[in-house]
Structures are given as structure tokens and as C-alpha cells.
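Below: one structure, written as C-alpha cells.
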Amino acid sequence: MEEKDKKIEPITESKISDIQEFGKVGNILVLETVGTFRNMMNLIHKPREKERYIEEKYLDGNGEEKKREIRERQAIYYPFEESPEFEFMLAQAVKLQLEGKEVDLTANNLVKFFNREPQEYRNVQRALNKHASDMGFLRK
């Protein structure tokens with residue numbers, strides 16, 4: 001009976017973090033480069049291709065009707081703002097500054113940042129990919 005009455009303290013969540021700044025004075029993106037579990041799952045599970053099935057009827061050499069299934073895989077080409085990588089960047093963003101003023105974290109503002117600092121897109125991708133592979137998430 002005494003064991004049931006004992007209060008067990010929950011284990012404190014250990015947080016792994018690597019917050020980095022990208023950009024130059026005035027145009028700065030502050031990003032958490034270690035993806036949260038939810039954001040990583042959203043990135044990994046967003047479809048990049050779709051499969052189409054077509055069932056076709058035809059007559060064989062004996063005049064008998066047969067069926068054949070045709071499968072076709074098509075790549076999905078998302079607009080930039082809907083791409084899995086961009087959505088992941090936006091979800092991991094902590095703070096965004098344009099022309100020296102802090103702005104809301106929206107897709108439009110993030111695109112404005114990359115318009116002003118296009119070289120930073122690759123740097124952000126590298127930082128996010130490094131931690132994704134460190135966490136055991138394989139990227140294709």
C-alpha cells in the first residue's frame with residue numbers, strides 16, 4: 001500500500017538544441033537546426049510521388065477478354081512555398097528580421113528573406129540536413 005502512495009517525479013525532458021543565425025545585419029533568420037520530431041515526420045512523410053493504377057481490358061489472340069493493370073509513378077512537383085523542405089524550414093524558424101525589423105514568421109516573409117539573402121538557402125539546408133542525418137533520419 002505504501003508503494004502506491006509514493007509520488008514519482010517525472011523524468012525531465014532533456015532538450016537538444018542548436019540555434020543558429022543566418023544572413024547579414026538587417027536580414028537575419030534565427031533557426032532551430034535540430035528538427036522537432038513532429039517537423040521531421042512531416043518532412044519525411046510528405047509524398048514526393050504518386051502512383052496511378054489503370055485497369056485495361058483487351059482481347060487476347062483467342063478473342064477472350066483479359067484485364068491488365070498498368071501502374072504509373074509520377075513525381076509531385078510542389079510550388080516552392082509548399083515544398084517539404086521549405087515547410088520544414090518555416091516550422092523550424094524561431095525569429096525573422098527583414099530590413100532591421102522583426103517580422104511575422106510567414107511563408108511570404110521567409111521568401112523575402114531568401115530573395116535578399118539567396119546564398120543562405122543552401123547554408124540553412126546544410127545545417128538542417130546535418131542534424132537530420134545525425135538523428136538517424138535518412139533523406140533521399
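Quick look at the numbers
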read-out	value
Value of relative contact order over segment 14-121, rounded to a whole percent, pairs C-alpha under 8 Å and six or more apart	31
Efficiency of FRET from Cβ geometry, Arg52 and Asn109, R₀ 35 Å, rounded to 0.05	0.45
Relative contact order %, segment 45-99, counting alpha carbon pairs below 8 Å whose residues are six or more apart	31
Fewest-first sequence of Val25, Val124, Val103, Val34 by Cβ atoms within 10 Å of each Cβ	Val25, Val103, Val34, Val124
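FYI, it's all coordinate maths here, none of it is from the lab. For clarity, every value in this text was computed on a predicted model and none was experimentally measured. Neighbour counts run over all protein chains shown; Cβ positions are idealised from the backbone, glycine included.
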